[in-house]
1. Scan the stretch 38-60 and report the pairs whose first residue is at pLDDT 95 or above and whose second residue is in a helix (DSSP H, G or I) and among the basic types (Lys, Arg), with Cβ atoms within less than 6 Å and a gap of 6+ or a chain change.
2. Which one of these is in the same structural domain as residue 405 (by the TED database) and open to solvent by 30 Å² or more (accessible area, probe 1.4 Å): 289, 300, 254, 347?
3. Can you pull out every residue in the stretch 1-24 that is under 22 Å from residue 382 (Cα atoms) and touching a Phe, Trp or Tyr at 6+ places or on another chain (Cβ under 8 Å)?
4. What number of residues in the stretch 101-111 are within 16 Å of the ligand (Cβ to nearest atom) and among the β-branched types (Val, Ile, Thr)?
5. Can you confirm whether residue 426 is of a type in the set (A, V, I, L, M), part of a helix (DSSP H, G or I) and surrounded by fewer than 18 Cβ atoms within 10 Å (Cβ to Cβ)?
6. Could you figure out which of (1) more than 27 Å from residue 359 (Cα to Cα); (2) under 15 Å from the mean Cα position of the chain (by Cα); (3) open to solvent by less than 20 Å² (accessible area, probe 1.4 Å) isn't true of residue 247?
7. State whether one or more residues within the stretch 93-108 are within 21 Å of residue 212 (Cβ to Cβ), free of Cβ contacts under 8 Å to residues at least 12 places away in the same chain and touching a helix residue (DSSP H, G or I) at 6+ places or on another chain (Cβ under 8 Å).
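The values are calculated or read from the model by the stated rules, or taken from the named source; none is laboratory data. Just so we're clear, the structure is a prediction, and the values are computed from it rather than from any experiment. Backbone-built Cβ (ideal geometry, glycine too); neighbour counts: all protein chains shown. Each accessible area value is taken on the protein alone, full model and side chains, heavy atoms only, with ligands, DNA and RNA left out. Shrake-Rupley method; radii C 1.70, N 1.55, O 1.52, S 1.80 Å.
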Amino acid sequence: MNWLSKDKQYIWHPFTPQKESPWPVFIEKARGSWLYDDRGNRYLDAISSWWVNIHGHSHPYIAEKIYQQALTLEHIIFAGFTHRPAIELAERLLPLLPGKFSKIFYSDNGSTSTEVALKMALQYWWNLSPADNRGNGKAVRNKILAFNNSYHGDTFGAMSVSDRSVFTMAFHDLLFEVIFIDTPTAENIDSLIRTIRDNGDQLAAFIYEPLVQGAGGMKMYDAVLMNELLQAAQQQEIICIADEVMTGFGRTGRLFASEYISLKPDIICLSKGLTGGTMPLGVTACTDRIYQAYVTEDKRKTFFHGHSFTANPLACTAALASLDLMEMENTMQRVREISAANQEFARTLQNSFPGNQIAAARSLGTILAFEISQGENVYLNQVGLEVMTKSMDRNVYLRPLGNTVYFMPPYCISDDEYDKLSSVTLDILKSR
Ligand SMILES: *Cc1c(COP(=O)(O)O)cnc(C)c1O
């Protein structure tokens, strides 16, 4: 039996309808920006393998570091024990983060990093509550504020603060209540600020994807207006949680998207690009204000959260190697070049399709996106599948979100490779 029939027999793939989905592509190896299948085809990985890869695939520097670490210490329980990669990574990350963070909490992926952030913020208010209230599990504040169209992950807390969409539909009556607001515009900003003020004394935390809503369709919003929202939230002492799982590590043109916004978060969530896209790892960093609520003799105020693989030494080592490469390969310079190429291609798209065939060509840093004006603006729009199939026939891997086509390439993409990506995209659009 060949590999694909065995896959069909044994495996259930994520985010994949189990009827009428194309067969998966069997990838044998990957190097730099390219994926190689078992039939001699190669594909330019224009979405960084679900937004994680930043230095290119199978990077020998990261591989070597992981190998050496695996021969030294592959894993150790992280309660009561510690190790060098975890300490070094925390020490190196903290000064890079946008804001005054004092502690790093490790977990395994993006969803756990937001789940940890939410629990950390909610328990902060519980820890500060009068003793009688704590007995009933009642905190002085227990509501979360989030954006419509947001995505923070697939576990239950993360789903609860995400947009109510086709992703969460089966669980709606089990998700906790959240106050949702739109992302800010010049028109709605006053009413959003009013909502924050009116609910301020109940709101424990505000979670947001800074400047780009990723899975919601690469929707971008304004940094100055976001700053006004953060100001309103911080005046009410609401804990601000920046979910930079997707935007972190250069994606938006700066190391973190929060750098574009004057006011900084109290908690930040990182994953995807953290290890250069090699190993699963999540980070939730918090300020001293949050941390101090847990520094007490009352053992019940402990943060009772952890995962078997918390701070896995191999993953921490990969993250350290990725940070090394950011410097050694002058990665942020390449990020700026890709950002410029994206801006130019967004203009090309606008000029090439003056009618309404495509809409809202936009870019921020290494992310470029636009909508194909056909059918509904939803994830299940089948235009995406058509674009994916056509692009793969031309050796480019695009994976649109419904009718939203986007580029999110690894930063190692060369000028020639970028040209191929943009010309294949134009050809596909013109031939429709
Ligand atoms: C992908 C993503 C997550 C979830 O991360 P996983 O590692 O897939 O669990 C959370 N937040 C944002 C903004 C993301 O893009």
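1. So the pair list comes out as 51/272; 52/272.
2. Answer to the selection: 347.
3. 18, the sole residue that qualifies.
4. 0
5. Taking the combined requirement at face value, the residue satisfies it.
6. Of everything listed in (1) more than 27 Å from residue 359 (Cα to Cα); (2) under 15 Å from the mean Cα position of the chain (by Cα); (3) open to solvent by less than 20 Å² (accessible area, probe 1.4 Å), residue 247 misses just condition (1).
7. So far as the stretch 93-108 goes, no, none of its residues is within 21 Å of residue 212 (Cβ to Cβ), free of Cβ contacts under 8 Å to residues at least 12 places away in the same chain and touching a helix residue (DSSP H, G or I) at 6+ places or on another chain (Cβ under 8 Å).
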